[in-house]
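The values are calculated or read from the model by the stated rules, or taken from the named source; none is laboratory data. This is a predicted model, so every value here is computed, not measured. Don't worry about glycine lacking a Cβ; one is built from the backbone with ideal geometry, like all the others, and counts go over all protein chains shown. Heads up: the accessible areas ignore ligands, DNA and RNA and are worked out on the full protein's heavy atoms, side chains in. Shrake-Rupley method; radii C 1.70, N 1.55, O 1.52, S 1.80 Å.
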Amino acid sequence: MPRRPNTRRRNAMRKGGYVALEAVGMVITVLATQAMIRALLNPDSEPLWGALNGVPGGLTGQLILLGFIALVAMVSGGWAHTRKEPTTEQAGNSGGIHDRGTT
């Protein structure tokens with residue numbers, strides 16, 4: 001008889017993957033946004049230490065690419081945040097308890 005997979009362990013691993021994706025998304029968003037701001041404030045500097053020199057369009061193309069990277073990282077991190085199961089009640093969710101006052 002085949003063994004049934006341990007669903008608790010699989011769910012915990014899945015939740016850990018969502019947490020990791022959320023963290024990576026936040027870090028990439030912050031780094032890309034910071035590089036965009038620095039490039040806007042100091043146009044003579046190279047965004048990300050010249051790692052984007054091969055991008056066509058010069059500084060404008062590099063900023064567009066950084067913005068796209070930040071957007072994708074933010075969306076994937078937000079998606080991972082909504083996919084993981086909440087460990088506590090969300091704010092505003094009374095859990096079925098309704099206070100209707102005294103009657």
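If you go through segment 21-51 and keep only what is open to solvent by less than 30 Å² (accessible area, probe 1.4 Å), under 30 Å from residue 83 (Cβ atoms) and in contact with a Leu (Cβ under 9 Å, 6 or more places away or on another chain), you end up with 29, 32, 35.
Scanning segment 52-99 for residues that are modelled with pLDDT under 85 and exposed (fewer than 14 other Cβ atoms within 10 Å of the Cβ) yields a total of 16.
Pairs meeting the criteria (first residue in segment 34-58 and more than 16 Å from residue 68 (Cβ to Cβ), second residue part of a helix (DSSP H, G or I) and open to solvent by 100 Å² or more (accessible area, probe 1.4 Å), beta carbons under 8 Å, at least 6 apart or on different chains) are 45/38.
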